[in-house]
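The values are calculated or read from the model by the stated rules, or taken from the named source; none is laboratory data. Given the structure is predicted, the values throughout are model-derived calculations rather than measurements. Here the Cβ positions follow ideal geometry from the backbone for every residue, glycine too, while neighbour counts run over all protein chains shown. The accessibility values were calculated without ligands, DNA or RNA, using every heavy atom of the protein model including side chains. Shrake-Rupley method; radii C 1.70, N 1.55, O 1.52, S 1.80 Å.
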Amino acid sequence: MKNNITFLLLLMIFSSINAQEETDKLLTPPYLKKGDTIAIVAPAGILKNRRETIYRAKELVESWGLKVVLGKHIFNQNSHFSGTDAERAEDFQKALDNPNIKAIWSGRGGYGSVRVLDLLDYSAFLEQPKWIIGYSDVTAFHSHIHNLGVETIHAMMGTSIDDKPELIVETLATFKKAIFGDQLKYTIPSSKYNKKGITEGQLVGGNLALLSSMLGSRSQTDTNDKIIFIEEIGEYKYSIDRMLQSLKRAGYFDNCVGLIIGDISKIKLNSTKWGSSIEQLVLDVVKGYDFPVLFNFPAGHKEDNRAIIFGRNIQLEVSNERSSVIFDK
């Protein structure tokens with residue numbers, strides 16, 4: 001009798017653990033296949049004089065066997081934005097609600113996604129999840145949708161097609177791999193600033209300024225037991241430090257298990273020198289934490305912008321010569 005009771009207790013414990021693991025696992029939207037439809041929308045900045053660019057982006061994914069629809073208001077202009085908040089939300093909502101659309105691809109970033117986040121109804125999306133794709137300002141969607149329990153893709157946007165073809169070979173190839181469900185795995189040269197180690201966990205993150213702006217909202221990312229990815233462009237070093245310190249004070253790094261630093265480029269020059277490299281700035285912020293740190297991962301605002309999946313479990317190995325990032329299939 002005692003043995004039976006012990007067995008039942010152990011079974012209940014293991015069932016509870018497995019249930020918790022299943023709860024933590026995010027939904028993976030169906031991968032695209034030939035004949036599927038992708039919507040290109042503009043939830044943020046204007047696409048002024050970029051009509052030809054967007055049509056070239058449309059032709060690109062059509063060459064992969066996909067169908068493309070453009071948001072009704074995609075080429076609108078409302079001062080800084082690609083249409084009013086209501087117009088941008090309308091395009092995104094229609095794409096969320098349409099069961100025939102299997103992915104929503106942002107035409108560009110800039111600023112404005114956060115203004116439409118709370119105007120949207122995600123009910124139909126949660127019943128039939130689809131891929132949300134983009135980077136930079138689209139981090140607002142990545143963070144918000146992560147909290148809804150669905151994976152998203154951090155990858156090139158429509159306007160990325162304007163970059164020199166020879167510089168975006170990997171950008172295009174990994175974008176295609178991500179949306180069609182091929183496994184993503186990367187091996188890159190190690191930086192002398194890296195903190196070595198082996199770890200695994202869900203990948204979260206995005207643009208530093210957007211992650212900072214999400215703090216205190218229901219779109220703030222829970223980083224417990226997760227690996228954080230960060231990229232940024234066009235900021236002063238003191239501004240980067242300020243945002244990282246804000247994340248730190250909010251507990252971002254307390255229980256994370258790894259940090260991946262993507263492209264941090266076009267740093268603005270301040271009249272008073274900061275006095276250290278970006279890498280050292282980051283290391284100073286996370287000093288005292290015991291997790292691996294990988295620098296120079298090719299994702300962000302440079303031409304080589306490899307696709308990554310937020311919410312997906314990855315294995316991160318940071319070593320002296322070569323480091324690797326491998327996504328679960």
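Which one is surrounded by the most Cβ atoms within 10 Å (Cβ to Cβ) among residues in the range 37-57 that are under 23 Å from the mean Cα position of the chain (by Cα) and not β-branched (Val, Ile, Thr)?
Looking at residues that are under 23 Å from the mean Cα position of the chain (by Cα) and not β-branched (Val, Ile, Thr), I get PRO43.
Looking at the range 145-184, which of its residues are open to solvent by 40 Å² or more (accessible area, probe 1.4 Å), of a type outside the set (D, E, K, R) and not in a helix (DSSP H, G or I)?
Within the range 145-184, LEU148, GLN183 qualify.
What is the number of the single condition among (1) at pLDDT below 95; (2) within 16 Å of GLY205 (Cβ to Cβ) that GLY262 does not meet?
The single condition GLY262 does not satisfy is (1).
Give the residues of the range 83-124 that are without any contact (Cβ under 8 Å) to a residue 12 or more places away in the chain and either within 20 Å of PRO30 (Cα to Cα) or not acidic (Asp, Glu) (or both), sorted by residue number.
Those that are without any contact (Cβ under 8 Å) to a residue 12 or more places away in the chain and either within 20 Å of PRO30 (Cα to Cα) or not acidic (Asp, Glu) (or both): THR84, SER123.
Somewhere in the range 79-91, is a residue hydroxyl-bearing (Ser, Thr, Tyr), under 22 Å from the mean Cα position of the chain (by Cα), modelled with pLDDT of 95 or more and more than 26 Å from LYS177 (Cβ to Cβ)?
Checked against the condition, which is being hydroxyl-bearing (Ser, Thr, Tyr), under 22 Å from the mean Cα position of the chain (by Cα), modelled with pLDDT of 95 or more and more than 26 Å from LYS177 (Cβ to Cβ), the range 79-91 yields at least one hit.
Let me spell it out: the conditions are (1) farther than 23 Å from GLY109 by Cβ; (2) open to solvent by 20 Å² or more (accessible area, probe 1.4 Å); (3) not charged (D, E, K, R), and PHE253 meets all of them except one. Which number is the exception?
(2)
Which pairs turn up if I take residues in the range 49-64 that are modelled with pLDDT of 95 or more and look for partners that are polar (S, T, N, Q) with beta carbon separation below 6 Å, at least 6 apart in sequence or on another chain?
Matching pairs, first to second residue: THR53/THR159.
Residues ALA95, ALA103, ALA86, ALA124: which one is of a type in the set (Gly, Ala, Ser), open to solvent by 20 Å² or more (accessible area, probe 1.4 Å) and either farther than 25 Å from GLU151 by Cβ or in contact with a strand residue (DSSP E or B) (Cβ under 6 Å, 6 or more places away or on another chain) (or both)?
Result of the check over ALA95, ALA103, ALA86, ALA124: ALA86.
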